Structures are given as structure tokens and as C-alpha cells.
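To start, the structure itself, in C-alpha cells.
The values are calculated or read from the model by the stated rules, or taken from the named source; none is laboratory data. Predicted model only: the values in this text are computed from it and were never measured. For neighbour counting, all protein chains shown are included, and Cβ atoms are generated from backbone atoms with ideal geometry for every residue, glycine included. Each accessible area value is taken on the protein alone, full model and side chains, heavy atoms only, with ligands, DNA and RNA left out. Shrake-Rupley method; radii C 1.70, N 1.55, O 1.52, S 1.80 Å.
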Amino acid sequence: LSYVTGGRPVQLAKLAARDFRIDTCNTTTGLIRYSILLPYAKQRHVTTERLILAIPPEIGALVKHYIYKARLSPTDKMFDMGGSAPKFVSQSISQATLFFSPPDYQNAVVCGEAALPSITSTDLRHNVGHSLAMQGASAEEIAHILGHSSLVVAKHYILATPALALIRAKALGSNPVW
């Protein structure tokens, strides 16, 4: 969820099972559209509003299975993160990354010959922002999805896209400063 939504750990910690939704299901094709109601974070005013984000069907199916296996009622918290959501999410991301790593790397980590992968939720948020910019999303859309109160960071994602770098290079020519 952190990878596909760009949600902050505090937002993921506030998720309840009822925040996961099946928007539509086509019985003929078997296609299902899932979404998640992500609570806002870092807002100037307290709000109960939530951001509706579509999630890929593969992730939706995993979340649905997780809710079923954990026997969560609609009001139950989706994840028990203990005292520190950022620490919990970072450790979970590292463990998942290790799980999908080649077996020789996994063995090296177990033997202490290699470090556990270090990927944070902030890294995944940057990936979401950059991916949105690469797909042509506006600064307003990027800021809305990432929960930013201004467009400053969203504009940085857009300026970092290869297409704009090429335009700058053509306009400014070859310059070692750039």
C-alpha cells in the first residue's frame, strides 16, 4: 500500500478495514476495481475526510485476502503498528524487499555478510510523485494525491522528468552547470 498510494506511515496506521472498498465487479470478465480511503495527514485543520485512491487489482486482492485471513471487522484497524508507525513501515518494507531478493542475497543477510535492504516509506512516496509526473499528472494532482498543502514539491517532481530535462538541454545548450 505504501508503494502504490504513497501514503505516509501515520496514514497507513489510521486505516480501518472499512477503508478498503470494492468499487465495481464485472461478473462476466472477473475484473474488479478496488480503492482505499486514505486519511489525510499534515493538514492545518482537523478533518475526517479521506482521499479515495484506486489501487491495482493485484494489491486489492491481497488486501481483501488479508482482511479475510485476519478476520477483521469493518471498524478494526487494518494494521497493528505498535508505538512507531514509521519504524514499523520501514521494517516491513525492508523485510518484503528481502523476501523478493535472490536466495544468495537472502543467505548473505542471514549470515551477516550483507545488510538488510534499506528502503523507507519516503522513498516510496518519492517514487509515486515521480511516477505521476512521468505520466503527465499536473502539480495539483500530484500534491492532492501525496497530501501536500502547496505545489512546491509537486513542481520539483515535474521538473525532474526526463522530458523536461531534454527541453532544458535544447533551450540552454550544453552547460556543465546543468
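Near LYS77, which lysines are there with a Cα under 24 Å away, not counting those fewer than 8 places off in the same chain? Partners found: LYS14, LYS42, LYS64, LYS69, LYS87. For the chain, take the longest principal axis of its alpha carbons; what is the angle in degrees between that and the long axis of helix 57-69, to the nearest 10 within 0 to 90? It works out to around 30 degrees. With every protein chain in place and a 1.4 angstrom probe, the accessible-area ranking of ARG33, ARG8, ARG71, ARG50, largest first, reads ARG71, ARG33, ARG50, ARG8.
Among the GluC sites (Glu not before Pro) within region 36-141, those in coil by DSSP and having at most 12 neighbouring Cβ atoms inside 10 Å are GLU49, GLU113.
When all alpha carbon pairs of region 1-158 are counted in 10 Å bins from zero, the resulting P(r) reads 10, 32, 35, 19, 4, 0 %. Here's the picture: a label point sits 7 Å out from the Cα of ALA163 along the beta-carbon direction, and within region 117-148 the residues with their amide nitrogen under 18 Å of it are 128-143. Helix 85-99 versus the longest principal axis of the chain: what angle, 0 to 90°, nearest 10, using Cα atoms? That works out to roughly 90 degrees. Computed over the chain, the per-residue total of -39500 (n - 2.57) for DSSP H runs of n ≥ 4 gives a 222 nm mean residue ellipticity of -14000 deg cm²/dmol, rounded to 500. Computed from the C-beta positions of THR28 and PHE100 and an R0 of 30 Å, the FRET efficiency is 0.35 to the nearest 0.05. A 1.4 Å probe run over the protein chains yields, for region 59-106, 72 Å² of accessible area per residue, whole-number rounding.
Largest GNM mean-square fluctuation among ILE55, ILE167, ILE142, using the chain with Cα springs under 10 Å: ILE167. Remark: spin-label model distance TYR66-ALA16 equals 1.8 nm, labels positioned 7 Å along the Cα→Cβ axis. Where does helix 121-134 land angle-wise versus the long Cα axis of the chain, in degrees 0 to 90, nearest 10? The angle comes out near 60 degrees.
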